[in-house]
Amino acid sequence: MYNNNLAYNTYRQNDIVVESPAKLIQMMYEGILRFNMQAKRCIETGDIEKRTYWINRSSAVVTELINILDYSHGDVAHYLAGLYTYQLQLLMEAALHQDSTKIDEVNNVIKGLLEAWKDSTNVA
């Protein structure tokens, strides 16, 4: 079984390496949504350790989205930086207060961004 996992992990790493930048952004948005779903489950079950883990994963992706913004494209990047920063704030509040409504707020924004991203890049 170990060899199968190693092979699968190697495949997934190579799969990500060959993806287009547009597809990678889509995957990041989808990852945030998956991680937030896990975090919400952990809030409901009271699993503090896993809740923290999943919120940290989601926050790391949002932070990476901030880090890769290209400010040479004008005001959109500045707007997204502020929007992403606010999403980080909401995730920290969700962790601090065990408040799944904050995660719902983040999910609503990320879903909107994901749909807009798919529309603008025609990434399937």
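Annotation for Lys111 and Glu30: the two label points, set 7 Å from Cα along the Cα-Cβ direction, are 1.7 nm apart.
Taken along the Cα-to-beta-carbon direction at a fixed 7 Å, the label points for Asp119 and Ser72 span 2.8 nm.
Computed over the Cα atoms of the stretch 21-121, pair by distinct pair, the Kirkwood hydrodynamic radius stands at 13.7 angstrom. Taking other C-beta atoms within 10 angstrom as a stand-in for reagent exposure, Trp54, Trp117 fall in the order Trp117, Trp54, fewest first. Under the simplified labelling scheme, the Ala81-Lys23 pair shows an inter-label distance of 3.0 nm, with each label point 7 Å from Cα along Cα→Cβ.
Every number here is computed from the coordinates shown, using simple stated rules; none is lab data. Note that the structure is predicted; figures quoted are calculated from it, not measured. Please note: Cβ atoms are built from the backbone with ideal geometry, for glycine as well, and neighbour counts cover all protein chains shown.
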